[in-house]
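Contents: one structure, followed by commentary.
The values are calculated or read from the model by the stated rules, or taken from the named source; none is laboratory data. Owing to the predicted nature of the structure, the values given are computational and were not obtained by experimental measurement. Heads up, the Cβs are rebuilt from the backbone with ideal geometry, glycines too, and the neighbour counts pull from every protein chain shown. Accessible surface areas use protein heavy atoms only, side chains included; no ligands, DNA or RNA. Shrake-Rupley method; radii C 1.70, N 1.55, O 1.52, S 1.80 Å.
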Amino acid sequence: MDDTGRLCQALAVRLHAEAGTGPMERALARAADGVRLWVQDVPGGADADIAAARRERELSRPADPRTGPGLRAVLLRYADGAADLVVVAHRAVLADPCDLARALLGETVDPAVRAGDAAAEREARLRSALRDLDRRPAPEWGLGEAGAPTVRCRSP
């Protein structure tokens, strides 16, 4: 069984102001060399069913460092002007995706993304980190019900 999804962390940040991609792309290039900002225009508003489905899909997709950078940043732009920045990262690549999200939004943060290192050094460190993660039990927070949403809203 592939545990890649359980070894990833994801978050979505709602952006209410116009989300320009230029500054985010430059910040991503500085923080994580070789990682691209994906932009998707979603029909309907940020509170529409299709928006929730797209957010859930992006939050649920793992980032596998064995087949790519182990890190993904997606900007979901909605017709009502709002946007969601979704960051997904494998724990072997980035300890806290919140740091990368803050860096993409212009805050001064060092997200410590390991994707920009020399290829041989990066590969050796990644192999070591993956071996270490494979020896530990899966985190309890990653063992939800199959098909259950990852985000739940509570009514007041």
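List of remarks:
- When the solvent-accessible area of segment 33-114 is split by element, carbon and sulfur atoms take up 47 percent of it, the probe being 1.4 Å.
- Ordering of 97-105, 25-33 by packing [mean C-beta count within 10 Å, highest first]: 97-105, 25-33
- Label-to-label distance, nm, for residues given as GLU107 and ARG14 (7 Å Cα→Cβ offset): 1.8 nm
- Beyond 22 Å, the tail of the calculated P(r) for segment 1-96 holds 29 percent of the Cα pairs.
- Using the Cβ-Cβ distance between GLU25 and GLU56 with R0 = 25 Å, the FRET efficiency computed as 1/(1 + (r/R0)^6) comes to roughly 0.55.
- The amide H of ASP64, built 1.01 Å from its N in the peptide plane, has GLY70 as neighbours under 5 Å, considering only residues 5 or more places off or on other chains.
- Taking 0.36 nm per residue of sequence separation and removing the Cα-Cα distance, the VAL39/ARG66 pair yields an extension gain of 7.4 nm.
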